[in-house]
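Presented below is the structure to which this report refers.
What follows is calculated from the coordinates using simple rules that are stated; it is not laboratory data. If you're wondering where the values come from, they're calculated on a predicted model, not measured in any experiment. A quick note on method: Cβ atoms are made from the backbone with ideal geometry, for glycine too, and the neighbour counts reach across all protein chains shown.
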Amino acid sequence: MSGPGLTAKAAALPVEWRPCWACLGLALALVAAVVASFAYLAVDWRQLFGGESMRLMARFVREFFPPDLAPAFVAKAAWGALQTFAVAAIGTLLAVVAGGALALPAAGRFGLAARLAARFVLNLLRSVPELVWAALMVIAAGLGPFAGTLALALHTTGVLGRLYAESLENAAPVAERALRDAGSGRIAAFAYATLPLVTAQGVAYALYRLEMNIRMAAVLGFVGAGGLGQMLYFHLSIFQQAQAATLLGAMFLLVFAVDSLSAFARARLAPAHG
């Protein structure tokens, strides 16, 4: 005997709960790893939050106020912010071009050997942190913004190339196949069928990486890659906290402005790629 009524009764029956022993084991392993990490590092929480430590930290924070708002130094900070933005923007632009070029073979469009080679290069580029790339580029190209630009371009190429390759692999092949069956060439079919499907998503990825590169460009200055980070490192090293506070404010305003503009642009692109 079967029917809608019997099906509804079966659906209403409570489902027997079974514990996920694998999930429980993984959670316990993570907790044990965290506890072991704290024990291995031997962090002295009492000393960190002791009265003397808190007093020294409070005095250090007070030295940042008031910030140096002299017109000459504000103009210097604005120039450093512009340099930081230029490093991030050019590094991201170079990564978009290089990552897009590597994404084609990484998506399997030139055979298995090219796919494996391209993915190996992308994995290598993004596995090395930006700070390590910056240290290497400072040795190769010298101190300054050029080293920071190359460091960001190398790491971001690995990230964007992988994202672009996955977008190409996930794009529906129906339209491109239809153009090929109609007699279109391989390049034309890709340009008019698949590329429009992934362009908006690719631009959104690039804008998101630009946001991250703005913050990272400021950090790269600590290894001599120019911009606000290099200025901040200099003034902190000679205990000029008032000037450092101005640079931190400029860094915050730059990141906030770029994040807001990028979020607005990505929101406008969202309807285009669902």
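Jot down the radius of gyration and Dmax of the chain, Cα atoms only, both in angstrom.
Cα radius of gyration and Dmax of the chain are 26.2, 89 Å respectively.
Hey, in the GNM for the chain with a 10 angstrom Cα cutoff, which one of 200, 89, 58 fluctuates hardest?
Top of the fluctuation ranking is 58.
Restricting to Cα pairs below 8 Å that are 6+ residues apart, what does the relative contact order work out to for the stretch 68-273? Please round to a whole percent.
Dividing the mean separation by the residue count of the stretch 68-273 yields 28 percent.
In which sequence would 222, 85, 73 go, from the one with the fewest C-beta neighbours within 10 Å to the one with the most?
With the fewest neighbours first, 222, 85, 73 line up as 222, 73, 85.
Tell me, which longest segment in the chain has none of the GluC sites (Glu not before Pro) that fall in DSSP loops with at most 13 further Cβ atoms within 10 Å? Walk me through the numbers on the way to the answer.
Details: sites that count: 16, 63.
Answer from the scan: 64-274.
Using +1 on the beta carbon of Lys and Arg, -1 on that of Asp and Glu, and nothing else charged, what's the dipole of the stretch 68-273 about the Cα centre, debye to 20?
The calculated dipole for the stretch 68-273 is roughly 440 debye.
Considering the convex hull of the alpha carbon atoms of the stretch 49-94, report its projected area averaged over all viewing directions, in nm², one decimal.
5.2
Of 196, 237, 148, which is farthest towards the positive pole of the chain's charge dipole, taken about the Cα centre with +1 and -1 on the beta-carbons of Lys, Arg and Asp, Glu respectively?
196
Using alpha carbons only, how many angstrom separate the centre of the stretch 103-169 from the centre of the stretch 25-54?
35
List the pair-distance distribution P(r) of the stretch 20-61, using every Cα-Cα distance, as the percent of pairs falling in each 10 Å bin from 0 up to the bin containing the longest distance, rounded to whole percents.
Reading upward from the zero bin: 25, 27, 23, 17, 9, 0.
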